Ligand SMILES: [Zn+2]
């Protein structure tokens, strides 16, 4: 690979210059080079001698020896420039070692080591090289083009003035094609797969809290389901029970009886009721009401049962309401409508809205030609929105930042929780490499379901330590505490509100829809929370609009209208029945 050679040569030249500088800059010292420099030199010699011998490369201990020498440099002299080079060379070695070992571990080591450079030495000239290499390892080593794209995108975002940007963009072009081809193939596969085979029940999990128990049935893919509540049967000595029939499903490798015994539920049972129906039965000790709904990606059916604890008349009425609704039978309604959340049950009305202007301080967000910065535009919008929220909704508006200061993502929702906000809205501006891409996008927190959502999330999450794949895993656990259905409803209302309002005054207002993705800024919000991408700074028409006061005013009007629609819908839910 000529490129590879050129790269190595330029590194070698840089090394030489570096060593010479160290040599001449040694001042009064009589030694030729510092200890760390000579340690690095030895390690390099070890590596070069290894690479010269095909036979040596067959044995792992030869690799380990050189890697150990590099480790001495980074562990012993972590503050030196040599440490960064040592990390870089050892990460490269792990990548190459994988070709001999075939061990996934070696690739993971390579990624972890490159990542250490990016995270611990972000200002070093090797940081963007390391970020680029991470993309390469995901693409060539791990065969994961989606993650590779995200990693190359990070080069583009985190190191806009680095020399790897061009190469990263070339890779992104290549990967964009690979990904769209894959998507096509997946689509045609999915079409043929639908009819064949039954969906496996993967797992049944449960959590107990003092007031309710949640049972989650994990499915291999979406299925239709029906639930029924059965009375106690003294003759057969059977307790009250709630069952859920899963159509087109098979219960192959799950336990048939899962003890719960928390005072509300005795246990959960699962079994093949007929050839293609799995019945999940919950044996009841004492419950007041239940609700059942499903979530996507992965598909799972959630059953919440509530204990009979309250003496309060109003509470009782609400629980009656709940029961009435759940008795209506089959829950096959769309997600946002099927879940009656705590906020609704308690009839909380919205009093305080937290507005989060994205980015700030050292993190400018999207930047167009140096001068136009996301952080400035969204701050302006947030202030306009705050005034309208107070004036038109009569709610208190709280801003997470009121000036150009940096605020880590995780602090933003923590702030919202501390201030006991009832709604949380994070304001952002989009960017895309193609100037033609335009439109409004509104997100709520969930697993990402489309590729571009993954990319937007990667960009918005880029100041966070956690990477995206970690996030998807963490989310699996956190989801259960998150107000997904309320947030989804709020997202739809606000999105429609913006479109309606903007279309009154502007031509060709585009929408990319309401989407879900794992945004770090939305995780842990104890209230319905959304993120709005108000337009593309890379699109000439939207950029022009975003820079005008009147467009921001209209945007804010639309958001307020959407919030108002959402608040009304909560109130209606209580007056009706
Ligand atoms: Zn942003």
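No lab work stands behind these numbers, since they all come straight from the coordinates. Because the structure is a prediction, the values reported are computed rather than measured. Note: ideal-geometry Cβ built from the backbone for every residue, glycine included; neighbour counts use all protein chains shown.
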- [ ] Calculate the all-directions average of the projected area of the range 352-575's alpha-carbon convex hull, and give it in nm².
- [x] 11.7
- [ ] Classify the range 501-577 as rounded, prolate or oblate, taking a ≥ b ≥ c as the square roots of the eigenvalues of its Cα gyration tensor: rounded when a/c is under 1.5, otherwise prolate if a/b is larger than b/c and oblate if not.
- [x] oblate
Open item on the list: Could you tell me how far the Cα centroid of the range 214-277 sits from the Cα centroid of the range 377-402, in Å?
Closed with: 48
- [ ] Go ahead and run the numbers for FRET between residue 101 and residue 433, Cβ-Cβ distance against an R0 of 41 Å, rounding to 0.05.
- [x] 0.65
TODO: Consider just the alpha-carbon atoms of the range 195-285 and return their Rg together with their Dmax, both in angstrom.
DONE: 13.4, 43
- [ ] May I ask you to order 264-277, 431-444, 556-569, 225-238 by the average number of other C-beta atoms within 10 Å around their residues, highest value first?
- [x] 556-569, 431-444, 264-277, 225-238
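If we sort 485-491, 284-290 on the protection proxy, mean other Cβ atoms within 10 Å, highest first, what's the order? Intermediate values should be presented prior to the final figure.
Values: 485-491: 24.6, 284-290: 19.0.
Result, highest mean Cβ count within 10 Å first: 485-491, 284-290.
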- [ ] Specify the inter-centroid distance of the range 481-532 and the range 75-113, based on alpha-carbon positions, in whole Å.
- [x] 42
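Going by C-beta contacts inside 10 Å, put 159, 299 in order with the fewest on the left. Spell out each step's value before the answer.
On the way: 159 21, 299 16.
Ordered from fewest to most neighbouring Cβ atoms within 10 Å, 159, 299 come out as 299, 159.
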- [ ] Please sort 542-554, 106-118, 54-66 by packing, taking for each peptide the average over its residues of neighbouring beta carbons within 10 angstrom, highest first.
- [x] 106-118, 542-554, 54-66
Task: Euclidean distance of C-alpha centroids, the range 418-461 and the range 130-158, integer Å - done: 21
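Report the extension gain between residue 218 and residue 363 in nm, rounded to one decimal, defined as 0.36 nm multiplied by the number of residues separating them, less their alpha carbon distance.
48.3 nm
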